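Q: Starting off with a structure, shown below.
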Amino acid sequence: MEAKDIKKIAVVGAGVIGNSWTANFIWKGYPVNLWLYTADEEDIAKQEINEHLESLAINGVFGKEEIPDMMKLVKYTTSLETTVKDVQFIQESIIEKLEIKQKFLADIDKLASPDAIFASSTSYLLISDIAKFSQYSHRCIGAHPYNPPHLIPLVEITIPGGDKGSIKTAELAAKFYEKINKVPVILKKDVPGFIANQIQGAVGTICGELLVNGVCTVEDIDKAMSFGPGLRWATMGPYLVYQLGGGKGGIKGITLHIRGESGEPMDEQERKQLEMYANFIQGEVDKEMAKRPPEFGNDNDSLRKFRDRLIIKILREHKKI
Ligand SMILES: NC(=O)c1ccc[n+]([C@@H]2O[C@H](COP(=O)([O-])OP(=O)(O)OC[C@H]3O[C@@H](n4cnc5c(N)ncnc54)[C@H](O)[C@@H]3O)[C@@H](O)[C@H]2O)c1
């Protein structure tokens, strides 16, 4: 199967994430079978999906008159068989409980085509565990979205460990997600919390420590993040931020400066290791920059201009400019 062969999608679970995924898929023109845990979830699902689409229309992404046709692409059902029997891609988005996800996968293995990709929206469970008993584990991936999936492009992809997973499935899913403008990242290891939730978790831990130690208030932390690093992180990741923070010396310069000149004194061996690390990280950032289209910034000068343009747009919305 190729990404172009994915024509119809099953979304299993009509909660916060399932409804948002559904809005995303129908916006991009894909028919969706949406599985409901109970029949009375249908009205709430319709309302939430419609709200997501209205929000996109109000903000000029498409015309409001297109929404009724998009809404017609959803088939609501409590039958798992009806949900998965004729689809090529299954975005599982039910409650975060391992045994329940495993049971659903066992049922899906009996009801869906073995070629259909099973993509779990799980936040912290391992796809290795979810797919542990599946006879079709090669079609399984962790596919972690960021709330709300219809707006946030990131999808973090993992495969079951050992010979139970298939990198080809991950690559195919990544191509499909790219087709609908998502930004997939395939992890090299199946880890709880993927990349972004681990980073977010570390931030949360420090926030808690600052509060408990009486350093600042909740409001201070929210201001510090959204009017400080958050503005930069909305435009690029931490490594490109450091690249610009290092001026002409780039990330190598700032790494050597922060650890080398401002940190504890180092012996010759430590200095050599730092130099090696700084060279390595600069090489990685250079590779990343070379891949970027020029209009998004692919050298220090164009990257700075890109950052400034985006930050100014956000600050206008905050009425800070
Ligand atoms: N909320 C987030 O910010 C977020 C972000 C990324 C990923 N996720 C992941 O997406 C998945 C869904 O999370 P959510 O936030 O949409 O949760 P939710 O509680 O909003 O929705 C869960 C859905 O599962 C259904 N459900 C409840 N009990 C069930 C059962 N016993 N069997 C089958 N279905 C049952 C509910 O009716 C509901 O439709 C989880 O795996 C979660 O980790 C959540």
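The values are calculated or read from the model by the stated rules, or taken from the named source; none is laboratory data. In this text, all values refer to a predicted model and were calculated from it rather than measured experimentally. Please note: Cβ atoms are built from the backbone with ideal geometry, for glycine as well, and neighbour counts cover all protein chains shown. Note: areas computed on protein heavy atoms with side chains; ligands, DNA, RNA excluded. Shrake-Rupley method; radii C 1.70, N 1.55, O 1.52, S 1.80 Å.
Q: Within the stretch 135-151, is there a residue that is in contact (Cβ under 8 Å) with a residue 24 or more places away in the chain, closer than 18 Å to Asn19 by Cα, crowded, with 19+ Cβ neighbours inside 10 Å and in contact with a Lys or Arg (Cβ under 6 Å, 6 or more places away or on another chain)?
A: no
Q: May I ask you to list the residues in the stretch 154-181 that are more than 16 Å from Ile90 (Cα to Cα) and crowded, with 23+ Cβ neighbours inside 10 Å?
A: Within the stretch 154-181, Pro160 is the sole residue that qualifies.
Residue by residue, here is whether (1) in contact (Cβ under 8 Å) with a residue 60 or more places away in the chain; (2) among the small types (Gly, Ala, Ser); (3) assigned to a helix (DSSP H, G or I) holds:
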site: Met236; (1), (2), (3): yes, no, no
site: Gly250; (1), (2), (3): no, yes, yes
site: Arg259; (1), (2), (3): no, no, yes
site: Glu264; (1), (2), (3): no, no, no
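Q: Only one residue in Asp43, Asp115 is among the acidic types (Asp, Glu) and closer than 28 Å to Glu171 by Cα. Which one?
A: Asp115
Q: Tally up the residues in the stretch 1-18 that are within 9 Å of the ligand (Cβ to nearest atom) and either surrounded by fewer than 22 Cβ atoms within 10 Å (Cβ to Cβ) or under 16 Å from Lys72 (Cβ atoms) (or both), please.
A: Total satisfying the criteria: 2.
Q: Could you tell me which residue of the stretch 111-125 is least open to solvent (accessible area, probe 1.4 Å), considering only residues that are within 12 Å of the ligand (Cβ to nearest atom) and aliphatic (A, V, I, L, M)?
A: Ala119
Q: What's the number of the only condition in (1) within 13 Å of the ligand (Cβ to nearest atom); (2) under 13 Å from Trp35 (Cα atoms) that Lys85 fails to meet?
A: That leaves (1) as the condition not met.
Q: Here's a follow-up. Read through the list (1) over 26 Å from Thr235 (Cα atoms); (2) in a loop (DSSP other than H, G, I, E, B); (3) within 15 Å of the ligand (Cβ to nearest atom); (4) of a type in the set (A, V, I, L, M), then give the number of the only condition that Ile152 fails.
A: Result: Ile152 passes all but (1).
Q: Among Gln243, Gln198, which is in contact with a Gly (Cβ under 7 Å, 6 or more places away or on another chain) and assigned to a helix (DSSP H, G or I)?
A: After ruling out the rest, the residue left standing is Gln243.
Q: Oh, and also: When the stretch 23-43 is examined, which residues are found to be open to solvent by less than 10 Å² (accessible area, probe 1.4 Å) and either part of a strand (DSSP E or B) or not assigned by TED's automatic domain parsing to the domain that holds Met70 (or both)?
A: Residues satisfying the conditions are Val32, Asn33, Leu34.
Q: Looking at this structure, is Ser128 over 15 Å from the mean Cα position of the chain (by Cα) and in contact (Cβ under 8 Å) with a residue 40 or more places away in the chain?
A: For Ser128, the condition - over 15 Å from the mean Cα position of the chain (by Cα) and in contact (Cβ under 8 Å) with a residue 40 or more places away in the chain - is met.
Q: Right, here's the next one. From the list Gly249, Gly193, pick out the single residue that is under 30 Å from Lys175 (Cβ atoms) and either in contact with an Asp or Glu (Cβ under 8 Å, 6 or more places away or on another chain) or of a type in the set (Gly, Ala, Ser) (or both).
A: Step by step, each of Gly249, Gly193 is checked, and only Gly193 is under 30 Å from Lys175 (Cβ atoms) and either in contact with an Asp or Glu (Cβ under 8 Å, 6 or more places away or on another chain) or of a type in the set (Gly, Ala, Ser) (or both).
Q: Would you check if Ile108 is closer than 13 Å to Ala10 by Cβ, within 13 Å of the ligand (Cβ to nearest atom) and either open to solvent by 10 Å² or more (accessible area, probe 1.4 Å) or among the aromatic types (Phe, Trp, Tyr) (or both)?
A: Against the criterion (closer than 13 Å to Ala10 by Cβ, within 13 Å of the ligand (Cβ to nearest atom) and either open to solvent by 10 Å² or more (accessible area, probe 1.4 Å) or among the aromatic types (Phe, Trp, Tyr) (or both)), Ile108 does not qualify.
Q: Can I ask one more? Filter the stretch 80-105 down to the residues that are in a helix (DSSP H, G or I) and either among the aliphatic types (A, V, I, L, M) or open to solvent by less than 20 Å² (accessible area, probe 1.4 Å) (or both), then identify the one that is farthest from Tyr30 (Cα to Cα).
A: For the stretch 80-105, the residue satisfying everything is Leu98.
Q: Something else about it: Just give me the residues in the stretch 44-75 being assigned to a strand (DSSP E or B) and open to solvent by 40 Å² or more (accessible area, probe 1.4 Å), in sequence order.
A: Lys75
Q: Of all residues in the stretch 253-293, how many are under 26 Å from Ala196 (Cβ atoms) and of a type outside the set (A, V, I, L, M, F, W, C)?
A: Going through the stretch 253-293 one residue at a time, the tally reaches 12.
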